[in-house]
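The values are calculated or read from the model by the stated rules, or taken from the named source; none is laboratory data. Note that the structure is a prediction, hence the values are computed from the model and not measured. Cβ coordinates were reconstructed from backbone atoms using ideal geometry, including for glycine residues, and neighbour counts include every protein chain displayed. Surface accessibility is based on the protein's heavy atoms, side chains included, excluding ligands, DNA and RNA. Shrake-Rupley method; radii C 1.70, N 1.55, O 1.52, S 1.80 Å.
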Amino acid sequence: MRYIVIGGGIVGLATAHRLVQDRPDARVTVVEKEPGWGAHQTGHNSGVIHAGVYYKPGSLKATLCKAGSASMVEFCAEHGIAHKVTGKLIVATGDEERPRLRALFERAQANGLPVRLVSPAEAREYEPEVACVEGIHVASTGIADYKAVCVKLAELAGTAGATLRLNTAVLGIRASGREVVVRTTTGDITADVLVNCAGLHADRVARMAGISPPARIIPFRGEYYELRPERRHLVNGLIYPVPDPQFPFLGVHLTKMVDGSVHAGPNAVLAMAREGYSWARIRPRDVVDAASYRGLWALGRKHLRYGLTEVRRSLSKRRFAESLARLVPAVTAADLVPAEAGVRAQAITPAGDLVDDFMIVTEGRQVHVLNAPSPAATSSLEIAKYITARLPV
């Protein structure tokens, strides 16, 4: 059986690796348009191994994230990839946030996670500079070098016989009977089964393959700062605010990375390109694609105030610092230096609803991963198992 996996991010590579593990006779080809692996969402995220606190019990995100946090730690340990189980604090900074914090605690318990409510004094035992009225400590949260995970997955898949093709963009797809022909910049590839893990372009790849996606990818840029080296001592691990349950975005937070740096962010603003890592990056095709989609306008009508707040914070370092100072009052604008941004591939329905769960659509001999933002990196090894179990043999 011949399989083609489109997309060389962590989900695509994990799927290829799982295929060659489970099906030694499979002929697996991975195509990636960039010159390296994990070039977009995987390589621009905050490196967190999520525990699964935020997700609806029984959802794919809840089940695959919990399992994935354990399997990712195991994978990193086995292959000598930088990682650390740090735990994290989610903090309520005012009494008005307590009900949401308690609801989040109950959700985490329902998901079977090692969590406990902590007082301000207990929170400061973990993070001496934190300010809160109450918090949740999540013991199983960690950090990892996901780019290194991608490199290792590619190495393992290639050693086991997979064909890995970088600098290979997909130009068209033709399904014919039991075969699919993928036209690429490095030649045609014929396969029996197609797996679409194209991330920011997953809906476009699905349409190429004759699938009508139930949602469209809209890119949201997440902008980060870092704490200056001399201020890294303000954060020991991970400090998060209580999120607004209406949105999949977790709010600006502080994360000590595997290299000891402290990332601050991200916010969430509409990007003017699917790979729009700055305000200056504008791609007309992507702008038209988003602006012509009624789902984006419906989303804007529902959440205009939230969106304007994010834009103001994007344009003002002072506002960004003020958001962080709610968590750690010692942080000031002078402590922040710009860091690399990321872009989240967020699926939105025509009704303007943000798709909250992973969206994996199977049709015939094709599987399309149409919504896999955070915690997809954490969950990637488990997403790969989920996909592979549904593929024709």
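Any residue that is assigned to a helix (DSSP H, G or I) and either free of Cβ contacts under 8 Å to residues at least 12 places away in the same chain or within 30 Å of residue 351 (Cα to Cα) (or both) - is there at least one of those in the range 179-188?
Narrowing the range 179-188 to residues assigned to a helix (DSSP H, G or I): none.
There is no residue in the range 179-188 that is assigned to a helix (DSSP H, G or I) and either free of Cβ contacts under 8 Å to residues at least 12 places away in the same chain or within 30 Å of residue 351 (Cα to Cα) (or both).
Tally up the residues in the range 320-343 that are over 17 Å from residue 226 (Cβ atoms) and surrounded by 16 or more Cβ atoms within 10 Å (Cβ to Cβ), please.
Looking only at that region, the number is 2.
So residue 166 ticks every box in (1) open to solvent by 30 Å² or more (accessible area, probe 1.4 Å); (2) without any contact (Cβ under 8 Å) to a residue 12 or more places away in the chain; (3) in contact with an Asp or Glu (Cβ under 6 Å, 6 or more places away or on another chain) but one. Which box is left unticked?
(2)
Right, residue 328: in a loop (DSSP other than H, G, I, E, B), touching a residue at least 12 places away in the same chain (Cβ under 8 Å), over 19 Å from the mean Cα position of the chain (by Cα) and closer than 30 Å to residue 261 by Cα or not? Full working, then the answer.
Working: in a loop (DSSP other than H, G, I, E, B): yes; touching a residue at least 12 places away in the same chain (Cβ under 8 Å): yes; over 19 Å from the mean Cα position of the chain (by Cα): yes; closer than 30 Å to residue 261 by Cα: yes.
Considered against the rule, which asks whether it is in a loop (DSSP other than H, G, I, E, B), touching a residue at least 12 places away in the same chain (Cβ under 8 Å), over 19 Å from the mean Cα position of the chain (by Cα) and closer than 30 Å to residue 261 by Cα, residue 328 comes out as yes.
Only strands (runs of 3 or more DSSP E) wholly contained in the range 234-306 count here; list those with 3 or more residues that are closer than 30 Å to residue 107 by Cα and out of contact with any helix residue (DSSP H, G or I) (no Cβ under 8 Å at 6 or more places or on another chain). Talk me through it step by step, then tell me what you get.
Working: elements: 238-241, 253-256, 262-265.
Here the list reads 238-241.
For the subset of the range 81-91 comprising residues that are open to solvent by less than 40 Å² (accessible area, probe 1.4 Å) and out of contact with any His (no Cβ under 7 Å at 6 or more places or on another chain), which member is farthest from residue 53 (Cα to Cα)?
The initial filter retains those residues of the range 81-91 that are open to solvent by less than 40 Å² (accessible area, probe 1.4 Å), namely 81, 87-91.
Remaining after also requiring out of contact with any His (no Cβ under 7 Å at 6 or more places or on another chain): 81, 88, 90-91.
Details: 81: 24, 88: 11, 90: 10, 91: 13 Å.
If we take residues in the range 81-91 being open to solvent by less than 40 Å² (accessible area, probe 1.4 Å) and out of contact with any His (no Cβ under 7 Å at 6 or more places or on another chain), then 81 is farthest from residue 53 (Cα to Cα).
Among (1) assigned to a helix (DSSP H, G or I); (2) in contact with a helix residue (DSSP H, G or I) (Cβ under 9 Å, 6 or more places away or on another chain), where does residue 54 come up short?
Only one criterion in (1) assigned to a helix (DSSP H, G or I); (2) in contact with a helix residue (DSSP H, G or I) (Cβ under 9 Å, 6 or more places away or on another chain) is unmet by residue 54, namely (1).
Go through (1) under 22 Å from residue 215 (Cβ atoms); (2) in a loop (DSSP other than H, G, I, E, B); (3) in contact with a helix residue (DSSP H, G or I) (Cβ under 6 Å, 6 or more places away or on another chain) one by one and return the number of the condition residue 370 breaks.
(2)
Quick check on this structure: which one of 96, 34, 106, 78 is open to solvent by 10 Å² or more (accessible area, probe 1.4 Å), under 27 Å from residue 369 (Cα atoms), out of contact with any helix residue (DSSP H, G or I) (no Cβ under 7 Å at 6 or more places or on another chain) and not polar (S, T, N, Q)? Walk me through how you get there before you give the answer.
Working: 96 fails: under 27 Å from residue 369 (Cα atoms); 106 fails: under 27 Å from residue 369 (Cα atoms); 78 fails: under 27 Å from residue 369 (Cα atoms).
None of the others qualify; the one that does is 34.
When the range 109-130 is examined, which residues are found to be surrounded by fewer than 16 Cβ atoms within 10 Å (Cβ to Cβ) and under 28 Å from the mean Cα position of the chain (by Cα)? So that I can check it myself, show each step before the final result.
First, pick out the residues of the range 109-130 that are surrounded by fewer than 16 Cβ atoms within 10 Å (Cβ to Cβ): 109-110, 112, 114, 116-117, 119-122, 125, 128.
Within the range 109-130, 109, 110, 112, 114, 116, 117 qualify.
For the range 62-93, which residues satisfy the criterion of being in contact with a Ser or Thr (Cβ under 7 Å, 6 or more places away or on another chain), assigned to a helix (DSSP H, G or I) and closer than 17 Å to residue 109 by Cα?
The first filter runs over the range 62-93 and keeps only residues in contact with a Ser or Thr (Cβ under 7 Å, 6 or more places away or on another chain), leaving 64-65, 68-69, 72, 85-88.
Those left that are additionally assigned to a helix (DSSP H, G or I): 64-65, 68-69, 72.
Correct list: 64, 65, 69.
Please go through the range 280-312 and give me each residue that is open to solvent by 30 Å² or more (accessible area, probe 1.4 Å) and touching a Phe, Trp or Tyr at 6+ places or on another chain (Cβ under 9 Å), ordered by number.
291, 303, 306
So which residues in the range 205-233 are closer than 25 Å to residue 287 by Cβ, out of contact with any Lys or Arg (no Cβ under 8 Å at 6 or more places or on another chain) and either open to solvent by 20 Å² or more (accessible area, probe 1.4 Å) or in a loop (DSSP other than H, G, I, E, B) (or both), if there are any at all?
207, 208, 209, 211, 212, 214, 215, 216, 223, 224 - these are the residues of the range 205-233 that are closer than 25 Å to residue 287 by Cβ, out of contact with any Lys or Arg (no Cβ under 8 Å at 6 or more places or on another chain) and either open to solvent by 20 Å² or more (accessible area, probe 1.4 Å) or in a loop (DSSP other than H, G, I, E, B) (or both).
Could you list, in sequence order, all residues of the range 358-367 that are touching a Lys or Arg at 6+ places or on another chain (Cβ under 8 Å), part of a loop (DSSP other than H, G, I, E, B) and either modelled with pLDDT under 95 or open to solvent by 30 Å² or more (accessible area, probe 1.4 Å) (or both)?
Across the range 358-367, the qualifying residue is only 365.
Can you find a residue in the range 1-19 that is within 21 Å of residue 170 (Cβ to Cβ) and surrounded by fewer than 22 Cβ atoms within 10 Å (Cβ to Cβ)? Reasoning before the result, please.
From the range 1-19, those within 21 Å of residue 170 (Cβ to Cβ) are 1-17, 19; that's our starting set.
This time we only want the ones that are surrounded by fewer than 22 Cβ atoms within 10 Å (Cβ to Cβ), so: 1-2.
Yes - at least one qualifying residue is present in the range 1-19.
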